[in-house]
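Structure first, then comments.
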Amino acid sequence: MRRITRFDPSLHTVQVAGEVVGFDENRYVEPKDRPHVSRAVPLAVAAVEEALADGGIDAASMTRDQLRGIGVIVGSGGGSQEFTEEQYRLYYSGLIKQCSVYTIPTGTIGTLASEVSMRFGFRGMSHIVSTGCTSSTDAIGYAYRNIQAGVMDVMISGGVDAPIAPLILRGFMLMRILTASWNHEPERASRPFSRDRDGFVLGEGAWFFVLEEMEHAKARGAHIYGEIAGYGSTCEAFHRVRLEECGEEPARTIGLALHEAGVPPEAVQYISYHGTSTELNDRIETRAMKLAFNGHAYKLAGSSLKSLIGHPQGACGAAGIASTLLAMRDNVVPPTLNVDEPDPECDLDYVRASARPMDVEYAVANCIAFGSKNSAIVLRKIA
C-alpha cells in the first residue's frame, strides 16, 4: 500500500491504495492501442503471459485447431470502469476529439475476455464472470466445471481489476467502506480482524492460471501447483452491500465445496480469508468459519492477503488462490499484517504479523461479495 500516484488524491479524504507500481503497460499493449483499452487489459495480458510461460504453453507455435481447444474465462468486478470514467472526463473537459473510437466496445465488460483471447489467439470460449468480489473465484470455478464436463481441454482463467480512479474512489468513499485513517502510514492501512479496523484499501492487479484435467497436465509434463478439489457458491439474497449477521450462507458455501471435494472439515489446515478489513465482513466471516468447521475452526490457520496488497476487488479470489498454492508448494503460509488490537469477536488463528512454516494438504480459498454472494474453492496439494 502507498499514497495514490495515478492521480492527485489531495481532494479525497482517502489517499491510499494498493497500486501496481513500475508496471510498463506499453510492453503488453501497443502504444497506439493503449488509449483505446483500460488499464485492466495490460494487467491481464501480463498475468496470462506469465501463466502460459510457467505452464509450458507456447500459443504462438500452436495450430488453429490447438488454439480452438483453449478457452478463456476472466473474472472482473469493474472491468473497464476506469476507462469509461476517463472517456467522460475527456468529454466534459471539452476534449471530445480525444475520446476513443472504441469507447463502447472497451466499456462493455465482455470485451475484456476478448482482449486476452485476441492477444494470444485462443479460439475456445471467451467469457467474463462479473459477480463482484467473488468474480475471479467464480470464473475459476466455471473453468473447473467446463474441464470436468469435458467441454474444454485447457482453460485460462483468473481475475483482473484496475479500479484506482478518482470517481471510483469517490463512490467507495460514499459507502464509507474505505479507511481514511492511515494516509500518513499507508502500509498500516489494511487491518483485517484488528479491533481498530475501519475500512479496506482499494487495490488493483491480475492473477491468472492454466487449468486442465490432471492426466492431461501430466501427459504434457506441466508444472502442477495444486488441484481444485471442490467449488461452492451461494447467495444470501439479503442486501446490496451488507452481510447477514448469522453467517449461514458463507458457511454453507464452504460446506458445498468440501462436500464436492469429499473432504471432511477437520482435514483442512488453512483458510485464505476474504478478510477485507471492514468491521462487518471480518466479524461475520469469522462467525461463518465457526459454523462451517465447528470446533475445528480454532485449529485452522488463516490469512488475509489484503493486509499485504489491499483489495483488488473482483481479482481478489484469484490472488488468494495464487497465494495459497504458493504456500502449499513452499510449506509456509503468509501472514495477516496489522492485527495490532485483536477483536474479541475475531478470535481465530489469523497468522498474525509473520509468515509461518506449515505443511498444508487441504486449504479453502474463501470469497464474499456485494449482492450477498459467497464462493469458495477447496485446493488439494499435489505430492
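The values are calculated or read from the model by the stated rules, or taken from the named source; none is laboratory data. Just so we're clear, the structure is a prediction, and the values are computed from it rather than from any experiment. Neighbour counts are summed over all protein chains in view; Cβ atoms, including those assigned to glycine, are modelled from backbone coordinates with ideal geometry.
A few notes on this one:
- Scan of region 103-122 for residues that are in a helix (DSSP H, G or I) and either farther than 17 Å from GLY71 by Cβ or touching a residue at least 60 places away in the same chain (Cβ under 8 Å) (or both), ordered by number: THR103, ILE104, PRO105, THR106, GLY107, LEU112, GLU115, VAL116, ARG119, PHE120
- Residues being exposed (fewer than 14 other Cβ atoms within 10 Å of the Cβ) and over 20 Å from LYS306 (Cβ atoms) - total across region 14-32: 7
- A residue that is part of a loop (DSSP other than H, G, I, E, B), under 16 Å from the mean Cα position of the chain (by Cα) and modelled with pLDDT of 95 or more cannot be found anywhere in region 147-158.
- Candidates in region 362-383 are the residues that are under 22 Å from the mean Cα position of the chain (by Cα) and in a loop (DSSP other than H, G, I, E, B); of these, the one that is nearest to LEU308 (Cα to Cα) is PHE370.
- Enumeration of residues in region 250-288 that are part of a helix (DSSP H, G or I), touching a strand residue (DSSP E or B) at 6+ places or on another chain (Cβ under 6 Å) and surrounded by fewer than 21 Cβ atoms within 10 Å (Cβ to Cβ): ARG252, LEU256, GLU260, ALA267
- As a summary of the residue check, ARG64 satisfies the conditions (1) surrounded by 15 or more Cβ atoms within 10 Å (Cβ to Cβ); (2) touching a residue at least 40 places away in the same chain (Cβ under 8 Å); (3) out of contact with any strand residue (DSSP E or B) (no Cβ under 6 Å at 6 or more places or on another chain) except for the one numbered (1).
- Meets criteria (aliphatic (A, V, I, L, M), out of contact with any helix residue (DSSP H, G or I) (no Cβ under 6 Å at 6 or more places or on another chain) and either part of a loop (DSSP other than H, G, I, E, B) or not assigned by TED's automatic domain parsing to the domain that holds ALA315 (or both)) for VAL210: no
- Among (1) buried (at least 18 other Cβ atoms within 10 Å of the Cβ); (2) on the phi > 0 side of the Ramachandran plot; (3) of a type in the set (A, V, I, L, M, F, W, C) - the single one ALA353 does not satisfy: (1)
- Of GLY71, GLY94, all but one fail to be modelled with pLDDT of 95 or more, under 23 Å from PRO105 (Cα atoms) and assigned to a loop (DSSP other than H, G, I, E, B); the exception is GLY94.
- Count of region 340-369 residues which are without any contact (Cβ under 8 Å) to a residue 60 or more places away in the chain and in contact with a His (Cβ under 9 Å, 6 or more places away or on another chain): 0
- Selected residue (only one of VAL151, VAL160 is in the same structural domain as ARG197 (by TED's automatic domain parsing) and surrounded by 24 or more Cβ atoms within 10 Å (Cβ to Cβ)): VAL160
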